[in-house]
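Colleague: I'd like to ask some things about the structure below.
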Number of protein chains: 2
Amino acid sequence: MASAQRIVLASRPVGEPRLDNFRLEETPVPTPGPGQLLMRTIWLSLDPYMRGRMSDAASYAAPVQINDVMEGGTVGEVVASNVDGFKAGDIVLGRGGWQTHALSDGKGLRKIDAKAAPLSTALGVLGMPGMTAYTGLLDIGQPKPGETVVVAAASGAVGSAVGQIAKIKGARAIGIAGGTDKCRYVKDVLGFDDCIDHRSRSMAEDLKKACSKGIDVYFENVGGPVFEAVLPLLNMFARVPVCGLISQYNAFEEEKGGKSMNFLLRNALVKSLTIRGFIVSNFAGRYPEFIADMTKWFAEGKIKHRETVVEGLPNAPKAFMGLLRGENFGKQLVRVGPDKA
Amino acid sequence: MASAQRIVLASRPVGEPRLDNFRLEETPVPTPGPGQLLMRTIWLSLDPYMRGRMSDAASYAAPVQINDVMEGGTVGEVVASNVDGFKAGDIVLGRGGWQTHALSDGKGLRKIDAKAAPLSTALGVLGMPGMTAYTGLLDIGQPKPGETVVVAAASGAVGSAVGQIAKIKGARAIGIAGGTDKCRYVKDVLGFDDCIDHRSRSMAEDLKKACSKGIDVYFENVGGPVFEAVLPLLNMFARVPVCGLISQYNAFEEEKGGKSMNFLLRNALVKSLTIRGFIVSNFAGRYPEFIADMTKWFAEGKIKHRETVVEGLPNAPKAFMGLLRGENFGKQLVRVGPDKA
């Protein structure tokens, strides 16, 4: 019998995840029952939100249970199908999780056209991260031509799309990223107007210089010291879509330290700020506009992207830990299996 | 020559304002020049925002300069006018400041109908505080029937209107106020569904009990411990209009203490919250709807209000200091002169 691999949550991390929070298991390849199909995973997406699923603190989604397979978005090939509308050989986007093979009843699966764009883009620029950028920036941030948009993790899957869409809409895009290489990429390849190295001691000053007219939209995906540097630069009526807080994910239990909630509220008050948390599913109805715009921009070369790929499911935990430390460069993916079996 | 009185800012307070931050001055009654009119103050409004004007920390409005007259909304009678459209005897709403007589070029003055409602309501329920409540609640809070709206300083000028408008719109209204008398008034007279005493040690628990379905709209006007009690009770997609932070006004220099900005952002993220600061002038275009609705509701007895009046301009500083400590009960006013001279 052929064997499958899966990675389960072995224990909940305290602070940074460690390798022993995960466990690799070998199982027989499952057989689809009536109303089920079997997918073979090609690509597994690694995303910061997964840190939240490892914790049982209240969040917008239920946590992964101990001994359950880690959740994650996947692109896979249908191997066998007892579900109407799907047949062997179909390429599907779904939430197969951290495993080489997954059963599904077909709900929530979306067939993708393998010829339209590289398969992995369905997990990045043309997928959830791209749509997070698109809806958060356009529906909450609402940048006007000439306004200044700032985004951190600017070389990452979400941040890179935020800045490029801002440019398409006529705004100035200022990125924040970790290290010279990433900053150069953000400016020279992605076409941001400037990029600040958050590892530099002069980060707050550099940001101020780059944002000489203040900040109108701050797309928040990191929290922590970057947010503290941004706050004094926000203009009247600035908008702050909050899509993530990667600097805080390993410290979610920490409620103290840094400036206070009252300080933030005071800033909201005196500057008429809008601070709005969201997850991409809040804007599910915007999928048609998103996919039409982004596919077009991608084909025209207006939206560029970059991927970091690790080979093989067993390397997913290490890559995920690196992602939380900012060690990836662009969209982090795990190559679980070949495009064609 | 007749004499006028005015109160100027003598020095900037550090923490709570003290009497010596103010100075009462006697001057001759001024004579209006060409293009000017002279108003005699009848009512002076005292409002929490004035604490911000005493400080030179950055805010949404410029601070009062040392030795300048304290700013404030007034209802007055035109004594003499060289301004087209105004004549002696007109009753006008304006920003005459903390003084018995004020010159104006007529800009920003609004004539009010002395027969429609008591003059003082133009500074309260039918004025800036009423409109702050109306626009913050309806334009940002957007309560739906059956949702739960929470407001602190619930017996005050803004809070009392917030809860009563929420009830008119079919929402549940839960107030927070200081002391048994105010809480009883908020429930029995204003008709809120419940009112929590923030002086009670069990405030957070009491609030949780009163909000068994969570909180959908929190109208923020106090900050501090009340906000900390509210935050865990906010429902998914809750809205937080931020109109003031009275608990923090004397501590604006304090940026630390209490839970952190990151904690607030995390809550915004996991619950898709909208936190939006505003001042009433953001919604100036909504004045016609506001005045039509509120005048009607007021005439129908659906909006009740209460005033605390101190007699005489010299008592304004003491009354203002009391307002910041919550010693007023309802809208705080200074009776500066009689309705008819």
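The values are calculated or read from the model by the stated rules, or taken from the named source; none is laboratory data. From a predicted model like this one, the values you see are computed outputs, not experimental measurements. FYI the Cβ positions are ideal-geometry reconstructions off the backbone, even for glycines, and counts take in every protein chain you see.
Colleague: Filtering region A:21-67 down to residues that are among the charged types (D, E, K, R) and either in the same structural domain as residue A:245 (by TED's automatic domain parsing) or within 23 Å of the chain's Cα centre (by Cα) (or both), which residue is nearest to residue A:85 (Cα to Cα)?
Modeller: Looking at residues that are among the charged types (D, E, K, R) and either in the same structural domain as residue A:245 (by TED's automatic domain parsing) or within 23 Å of the chain's Cα centre (by Cα) (or both), I get A:40.
Residue-by-condition table, conditions (1) outside the structural domain of residue A:287 (by TED's automatic domain parsing); (2) part of a helix (DSSP H, G or I); (3) within 18 Å of the chain's Cα centre (by Cα):
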residue: A:166; (1), (2), (3): no, yes, yes
residue: A:173; (1), (2), (3): no, no, no
residue: A:182; (1), (2), (3): no, yes, yes
residue: A:219; (1), (2), (3): no, no, yes
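For (1) touching a Pro at 6+ places or on another chain (Cβ under 7 Å); (2) free of Cβ contacts under 8 Å to residues at least 40 places away in the same chain; (3) surrounded by 23 or more Cβ atoms within 10 Å (Cβ to Cβ), each residue gets a yes or a no:
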{"residue": "B:39", "(1), (2), (3)": "no, no, yes"}
{"residue": "B:50", "(1), (2), (3)": "no, no, no"}
{"residue": "B:64", "(1), (2), (3)": "no, no, no"}
{"residue": "B:67", "(1), (2), (3)": "no, no, no"}
{"residue": "B:72", "(1), (2), (3)": "no, yes, yes"}
{"residue": "B:75", "(1), (2), (3)": "no, no, yes"}
{"residue": "B:79", "(1), (2), (3)": "no, no, no"}
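Colleague: Turning to a different aspect of this structure: When region B:297-341 is examined, which residues are found to be farther than 23 Å from residue B:244 by Cα and touching a helix residue (DSSP H, G or I) at 6+ places or on another chain (Cβ under 8 Å)?
Modeller: B:297, B:298, B:302, B:310, B:336, B:339
Colleague: Does region A:291-300 contain at least one residue that is more than 14 Å from chain B (Cβ to nearest Cβ) and touching a Gly at 6+ places or on another chain (Cβ under 7 Å)?
Modeller: yes
Colleague: Report the residue count in region B:153-190 for those that are more than 24 Å from residue B:280 (Cα to Cα) and touching a residue at least 40 places away in the same chain (Cβ under 8 Å).
Modeller: 5
Colleague: Take the conditions within 14 Å of chain A (Cβ to nearest Cβ) and under 28 Å from residue B:323 (Cα atoms) and apply them to residue B:102. Does it pass?
Modeller: Answer is no for this residue.
Colleague: Another question about this same structure. With region A:27-111 as the region, which strands (runs of 3 or more DSSP E) entirely inside it contain at least 1 residues that are out of contact with any Leu (no Cβ under 8 Å at 6 or more places or on another chain), modelled with pLDDT of 95 or more and more than 25 Å from residue B:269 (Cβ to Cβ)?
Modeller: Once the strands (runs of 3 or more DSSP E) in region A:27-111 are filtered for at least 1 residues that are out of contact with any Leu (no Cβ under 8 Å at 6 or more places or on another chain), modelled with pLDDT of 95 or more and more than 25 Å from residue B:269 (Cβ to Cβ), what remains is A:37-45, A:74-81.
Colleague: Does residue B:207 count as farther than 29 Å from residue B:59 by Cα and either of a type in the set (Phe, Trp, Tyr) or outside any loop (DSSP other than H, G, I, E, B) (or both)?
Modeller: So residue B:207 fits the description; yes.
Colleague: Checking residue B:144 against (1) outside any loop (DSSP other than H, G, I, E, B); (2) farther than 29 Å from residue B:123 by Cβ, which test does it fail?
Modeller: (1)
Colleague: Also, I was wondering about something else. So which of B:335, B:239, B:266 is within 24 Å of residue B:147 (Cα to Cα) and at pLDDT 95 or above?
Modeller: From the options B:335, B:239, B:266, the qualifying one is B:239.
Colleague: Among B:216, B:206, which is among the charged types (D, E, K, R) and touching a residue at least 40 places away in the same chain (Cβ under 8 Å)?
Modeller: Exactly one of B:216, B:206 is among the charged types (D, E, K, R) and touching a residue at least 40 places away in the same chain (Cβ under 8 Å), namely B:216.
Colleague: While we're here: Report yes if residue A:205 is surrounded by fewer than 22 Cβ atoms within 10 Å (Cβ to Cβ), within 14 Å of another protein chain (Cβ to nearest Cβ) and among the charged types (D, E, K, R), otherwise no.
Modeller: In short, no.
Colleague: For residue B:247, indicate whether it is within 11 Å of chain A (Cβ to nearest Cβ), touching a Lys or Arg at 6+ places or on another chain (Cβ under 7 Å) and at pLDDT below 95.
Modeller: no
Colleague: Can you pull out every residue in region B:257-284 that is without any contact (Cβ under 8 Å) to a residue 24 or more places away in the chain, in a helix (DSSP H, G or I), over 17 Å from residue B:238 (Cβ atoms) and facing chain A (nearest Cβ under 7 Å)?
Modeller: Residues satisfying the conditions are B:261, B:262.
Colleague: I'd like to check something: does region A:292-308 contain any residue that is of a type in the set (Val, Ile, Thr), in contact (Cβ under 8 Å) with a residue 40 or more places away in the chain and under 30 Å from residue A:13 (Cα atoms)?
Modeller: So far as region A:292-308 goes, no, none of its residues is of a type in the set (Val, Ile, Thr), in contact (Cβ under 8 Å) with a residue 40 or more places away in the chain and under 30 Å from residue A:13 (Cα atoms).
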